[in-house]
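Q: Structure below; questions to follow.
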Amino acid sequence: MRRAAWIAPAVAAVLVAGGAVTYAVADGDDGGSSAVRVPGTESADAGFARDMAVHHQQAVEMSYIVRDRTKDEEVRRLAYDIAQTQANQRGMLLGWLDLWGLPKVSAKPPMSWMGMGGMPPGQDGALMPGMATNSQLDELREASGKRAEVLYLQLMTAHHKGGVHMAEGCVERCGVGVEKRLAAGMVASQKSELDLMAGMLKDRT
């Protein structure tokens, strides 16, 4: 319980910051620009928004699954915080695509904006690095108690590592200032959660 106690204030700060970021983009405030900057359809900005929205959606799904598969308050609190934070960020990413008038899907493979479009297609539903397969999701749905906790923490650890890699790619390649700042915030928060989950896994294995 004590490891998760710090998460709620951190998530609240992220959500408040997220609202400010969304407002800033809608208001055209991007580093002093007087108008909303509209990136290209196949830009890093658009690619990151599309791919991270998909990546986040699976994290939300896994978090709601484990919430119903264990009564452990530490894991349930972590899962709730991840679900709320990533659902909020996903809404922002999709909202930016709407604001920019860009499609939410691309004809190019995932991660093309990072120069990874030539990687082998994802197997068993794992569309991007770190994402769980359909079989792993089914295993999580069928697990309960400590087994569900361990499996969730293992899957979310891999998921966060893939997310950090992608967010770092946006920090390097994206051109819209507020999106770069959101990506940098994702890197910091998910690395902190990786440290937290490592300790939680150690306690359960």
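Q: What pairs come up if the first residue lies in region 54-82 and is farther than 21 Å from residue 195 by Cα, the second is open to solvent by 10 Å² or more (accessible area, probe 1.4 Å) and assigned to a helix (DSSP H, G or I), and their beta carbons are under 7 Å apart, counting only those six or more places apart or on different chains?
A: Pairs that qualify, where the first residue is farther than 21 Å from residue 195 by Cα and the partner is open to solvent by 10 Å² or more (accessible area, probe 1.4 Å) and assigned to a helix (DSSP H, G or I), are 57/90; 65/141; 70/76; 70/145; 70/149.
Q: Quick test for you: out of 127, 137, pick the one residue that is touching a residue at least 60 places away in the same chain (Cβ under 8 Å) and either in contact with a Cys (Cβ under 8 Å, 6 or more places away or on another chain) or in a helix (DSSP H, G or I) (or both). Explain how you work it out, then say what you get.
A: On the way: 127 fails: either in contact with a Cys (Cβ under 8 Å, 6 or more places away or on another chain) or in a helix (DSSP H, G or I) (or both).
After ruling out the rest, the residue left standing is 137.
Q: Residues in region 90-107: is at least one polar (S, T, N, Q) and either modelled with pLDDT of 95 or more or surrounded by 19 or more Cβ atoms within 10 Å (Cβ to Cβ) (or both)? Please lay out each step first, then the result.
A: Let us first name the residues in region 90-107 that are polar (S, T, N, Q), namely 106.
From the residues that got through so far, the ones that are either modelled with pLDDT of 95 or more or surrounded by 19 or more Cβ atoms within 10 Å (Cβ to Cβ) (or both) too are none.
No: region 90-107 contains no residue that is polar (S, T, N, Q) and either modelled with pLDDT of 95 or more or surrounded by 19 or more Cβ atoms within 10 Å (Cβ to Cβ) (or both).
Q: If you don't mind, another one. Residue 81 - would you say it is open to solvent by 60 Å² or more (accessible area, probe 1.4 Å), out of contact with any Lys or Arg (no Cβ under 6 Å at 6 or more places or on another chain) and more than 14 Å from residue 55 (Cβ to Cβ)?
A: Values: open to solvent by 60 Å² or more (accessible area, probe 1.4 Å): no; out of contact with any Lys or Arg (no Cβ under 6 Å at 6 or more places or on another chain): yes; more than 14 Å from residue 55 (Cβ to Cβ): yes.
Considered against the rule, which asks whether it is open to solvent by 60 Å² or more (accessible area, probe 1.4 Å), out of contact with any Lys or Arg (no Cβ under 6 Å at 6 or more places or on another chain) and more than 14 Å from residue 55 (Cβ to Cβ), residue 81 comes out as no.
Q: Any chance region 150-172 includes a residue that's of a type in the set (D, E, K, R) and open to solvent by less than 50 Å² (accessible area, probe 1.4 Å)? Give the steps one after another, and end with the answer.
A: Residues of region 150-172 of a type in the set (D, E, K, R): 161, 168, 172.
Subsequent filtering for residues that are open to solvent by less than 50 Å² (accessible area, probe 1.4 Å) retains none.
Checked against the condition, which is being of a type in the set (D, E, K, R) and open to solvent by less than 50 Å² (accessible area, probe 1.4 Å), region 150-172 yields no hits at all.
The values are calculated or read from the model by the stated rules, or taken from the named source; none is laboratory data. This one's a predicted model, so the numbers in the text were calculated from it and none came from an experiment. Here Cβ is always computed from backbone atoms with ideal geometry, including for glycine, and neighbour counts include all displayed protein chains. All accessible areas refer to the heavy atoms of the entire protein, side chains included, with ligands and DNA or RNA removed. Shrake-Rupley method; radii C 1.70, N 1.55, O 1.52, S 1.80 Å.
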